[in-house]
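Here's the structure we're looking at; comments come further down.
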Amino acid sequence: MKKIACTLLLAGWFGFTSAQEPFETSIESLPGERWWGGFVALGNRMPFGEELAEQDLSKINYNNQSVPLLLSSEGRYVWSERPFRFRIEQGNLVVDSDHAPVEVVRAGENLRDAYAAASAAHFPPSGRIPQELFFSMPQYNTWIELTYDQNRHDIMQYARKVVEHGFPCGIFMIDDNWQNDYGNFDFKASRFPDPRGMIDSLHEMGFRVMLWISPYVSPDSPEFRSLERKGYLLKNRAGKTAVIRWWNGFSACYDLTNPEVVAYLREQLEENRRRYGTDGFKFDGGDVAYMQAEAYAYHDPEADANTYMQRWAELGASFDYNELRACWKLGGQPVVQRLGDKDYSWEALRLLIPDMTAAGLLGHAFTCPDMIGGGQYTSFFGVEHFDEELIVRSAQVHALMPMMQFSVAPWRILSPENTAICARYAQLHSEFGPYILSLARHAAETGEPIVRAMEYAFPHMGFLECRDQFMLGDRYLVAPMVSPGTRREVLLPPGTWRDDRGEVFKVSKKPRRIATDVPLDRLPYYERIR
């Protein structure tokens, strides 16, 4: 392996091929330097420590977004257009690339400087945001309540309960198994006798409606046979239609590296919108982990599994109402991202803030923190008595994030009193909607994150390891409860702050640690007033 001592500039791809010996770059750490980046789902481990084993951007995406970017607390960054491997070894960052040596850019003095420079150079903001409704109203997804039993009756009942319990109407997502087959975009007649009427009714109630889709195609379906004749399906190295194993079994797959296929698929989705009145789509799947780059022959000979994941997200970005869970690059684009499915647990709840701040540092400002209470449906199996405190605290964490999404129904698993608390925080989110929307527009113009790590907002003030509070823009510090209990400490930066109860705190030169009571109906947040 070729070893390179790295000190200065930008990484790129200069024509090297994977057949060459890999390039290893050891980046000697500056005093106190720590690193973020690579995978949104590793946000809870950022800044990385000595325990970080080698991570490979070409093999996995951890069920979430991945970006070939590493950022340092001392104002440096690493970027490469192609996937690479990285690890922490003896306190230094080591990066291996099969394509070209990578180098580190010195952009400034802190994490914020590093991010600003990387964003401007490699994923500049598009100037556009997704639909405003994402930021101003809660979302509702039928996954946890219905899983694979999507049907008209239960969907309408869920929507009516939203209204009955005082939750604001927003975006309504119908999840997996509404369609005849994967690769088909018509509703199952046996479960949806009048899909257009259902969607019209949801619209009349004040919802906008999105449908779950994936890039996979059920084998032996009419769509499979038609698409295979057209040559639109991904092939293996032997030139035969590839069969991919994903979480729902075995399927063929649209070859999204073929522009003709992308245009065809987009037209099928537009036909769905014309026929049923659908507003947009939740674009699931396409993960690097399922695509296994070495096994397939893409239409584009330069493409790999990461390229495929990027093409799927680019298709999503062409719709105003979109949501992605897996993505390669595309920072600054008007794509709604969501954190990967998390368990119903306190441990998973504690992942939300660091993973959300990581999403912002990787260019994905328009991100939703999974589903309230967790999106991993298997963790809800066999639960007889729900931890109501956990669900309420989860709703509070979401309330002052860019987006909040309900799935498990609060009115089914909570007491009336705790259901009302969740409704109150859904209302708080809509009250903050104009401010959150202003931050989204700011992000679209500047690239700056909406949810900001404390170290990003207040560098070199002792916030490196802070994972349980965040800044919403530059005006609000939010400190939710992410563990059981009714008391926590908050680290306030210098400035004058007024909390949600009206109490004012003046902090001078150094951050000040305060203890505060947090009854179940309270979300502590602090407005910077000076």
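The values are calculated or read from the model by the stated rules, or taken from the named source; none is laboratory data. Quick caveat: nothing in here was measured; it's all calculated off a predicted structure. Here the Cβ is made from the backbone with ideal geometry for all residues, glycine too, and neighbour counts use every protein chain on show.
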- [ ] Identify the residue in segment 154-208 that is part of a helix (DSSP H, G or I) and polar (S, T, N, Q) and, among all such residues, is surrounded by the most Cβ atoms within 10 Å (Cβ to Cβ).
- [x] Ser201
Open item on the list: For segment 450-462, give me each residue that is of a type in the set (A, V, I, L, M, F, W, C) and part of a strand (DSSP E or B).
Closed with: Val451
Task: Selection count where residues are buried (at least 19 other Cβ atoms within 10 Å of the Cβ) and either aliphatic (A, V, I, L, M) or assigned to a strand (DSSP E or B) (or both), scope segment 480-495 - done: 5
Task: Selected residue (only one of Gln310, Gln333 is touching a strand residue (DSSP E or B) at 6+ places or on another chain (Cβ under 8 Å), within 27 Å of Tyr115 (Cβ to Cβ) and polar (S, T, N, Q)) - done: Gln310
Task: Number of the exception - Phe207 against (1) on the phi > 0 side of the Ramachandran plot; (2) of a type outside the set (Gly, Ala, Ser); (3) in contact with a Gly (Cβ under 8 Å, 6 or more places away or on another chain) - done: (1)
- [ ] Hey, could you check segment 121-146 for residues that are assigned to a helix (DSSP H, G or I), out of contact with any strand residue (DSSP E or B) (no Cβ under 7 Å at 6 or more places or on another chain) and not small (Gly, Ala, Ser) and say which is farthest from Ala395 (Cα to Cα)?
- [x] Leu146
Open item on the list: Looking at the structure I just gave you, is Glu465 assigned by TED's automatic domain parsing to the domain that holds Asp500, assigned to a helix (DSSP H, G or I) and of a type outside the set (A, V, I, L, M, F, W, C)?
Closed with: no
Task: Residue identified as under 18 Å from Asn141 (Cα atoms), of a type in the set (Phe, Trp, Tyr) and touching a helix residue (DSSP H, G or I) at 6+ places or on another chain (Cβ under 7 Å) among Tyr456, Tyr425 - done: Tyr425
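Residues are listed down the side, and each one gets a yes or a no for (1) within 20 Å of Val397 (Cβ to Cβ); (2) more than 28 Å from the chain's Cα centre (by Cα); (3) of a type in the set (Gly, Ala, Ser):
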{"site": "Gly462", "(1), (2), (3)": "no, no, yes"}
{"site": "Gln469", "(1), (2), (3)": "yes, no, no"}
{"site": "Leu472", "(1), (2), (3)": "yes, no, no"}
{"site": "Val478", "(1), (2), (3)": "yes, no, no"}
{"site": "Pro493", "(1), (2), (3)": "no, no, no"}
{"site": "Val504", "(1), (2), (3)": "no, yes, no"}
{"site": "Arg512", "(1), (2), (3)": "no, yes, no"}
{"site": "Leu523", "(1), (2), (3)": "yes, no, no"}
- [ ] Just give me the residues in segment 76-126 being in contact with a helix residue (DSSP H, G or I) (Cβ under 8 Å, 6 or more places away or on another chain) and of a type in the set (Phe, Trp, Tyr), in sequence order.
- [x] Tyr77, Trp79, Tyr115
- [ ] With the checklist (1) within 15 Å of Phe39 (Cβ to Cβ); (2) in contact with a Leu (Cβ under 7 Å, 6 or more places away or on another chain) in hand, flag the one item Leu349 doesn't pass.
- [x] (1)
- [ ] Please enumerate the residues belonging to segment 502-530 that are touching a strand residue (DSSP E or B) at 6+ places or on another chain (Cβ under 7 Å), touching a residue at least 40 places away in the same chain (Cβ under 8 Å) and in a loop (DSSP other than H, G, I, E, B).
- [x] Pro511, Pro524
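For (1) more than 20 Å from His364 (Cβ to Cβ); (2) hydroxyl-bearing (Ser, Thr, Tyr); (3) at pLDDT 95 or above, each residue gets a yes or a no:
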{"position": "Cys422", "(1), (2), (3)": "yes, no, yes"}
{"position": "Ala440", "(1), (2), (3)": "no, no, yes"}
{"position": "Arg452", "(1), (2), (3)": "no, no, yes"}
{"position": "Gly462", "(1), (2), (3)": "yes, no, yes"}
{"position": "Ala479", "(1), (2), (3)": "yes, no, yes"}
{"position": "Ser483", "(1), (2), (3)": "yes, yes, yes"}
{"position": "Arg498", "(1), (2), (3)": "yes, no, yes"}
Open item on the list: Just to be sure I understand, how many residues within segment 295-329 are in contact with an Asp or Glu (Cβ under 7 Å, 6 or more places away or on another chain) and closer than 21 Å to Phe135 by Cβ?
Closed with: 2
Open item on the list: Can you find a residue that is more than 19 Å from Asn272 (Cβ to Cβ) and not charged (D, E, K, R) anywhere in segment 193-216?
Closed with: yes
Open item on the list: Can you tell me how many residues within segment 408-446 are farther than 30 Å from His385 by Cα and of a type outside the set (S, T, N, Q)?
Closed with: 14
Task: Only one of Ala326, Ala317, Ala305, Ala252 that is on the phi < 0 side of the Ramachandran plot, among the small types (Gly, Ala, Ser) and out of contact with any helix residue (DSSP H, G or I) (no Cβ under 7 Å at 6 or more places or on another chain) - done: Ala317
TODO: Could you look through segment 468-479, keep only residues that are in a loop (DSSP other than H, G, I, E, B) and touching a residue at least 60 places away in the same chain (Cβ under 8 Å), and pick out the one that is farthest from Leu390 (Cα to Cα)?
DONE: Gln469
- [ ] Please name all residue pairs, on different chains or six or more residues apart, with Cβ atoms under 9 Å, provided the first residue is in segment 63-75 and is on the phi < 0 side of the Ramachandran plot and touching a residue at least 12 places away in the same chain (Cβ under 8 Å) and the second residue is among the polar types (S, T, N, Q) and not in a loop (DSSP other than H, G, I, E, B).
- [x] Asn64/Gln337; Gln65/Gln337; Gln65/Thr367; Ser66/Asn306; Pro68/Asn306
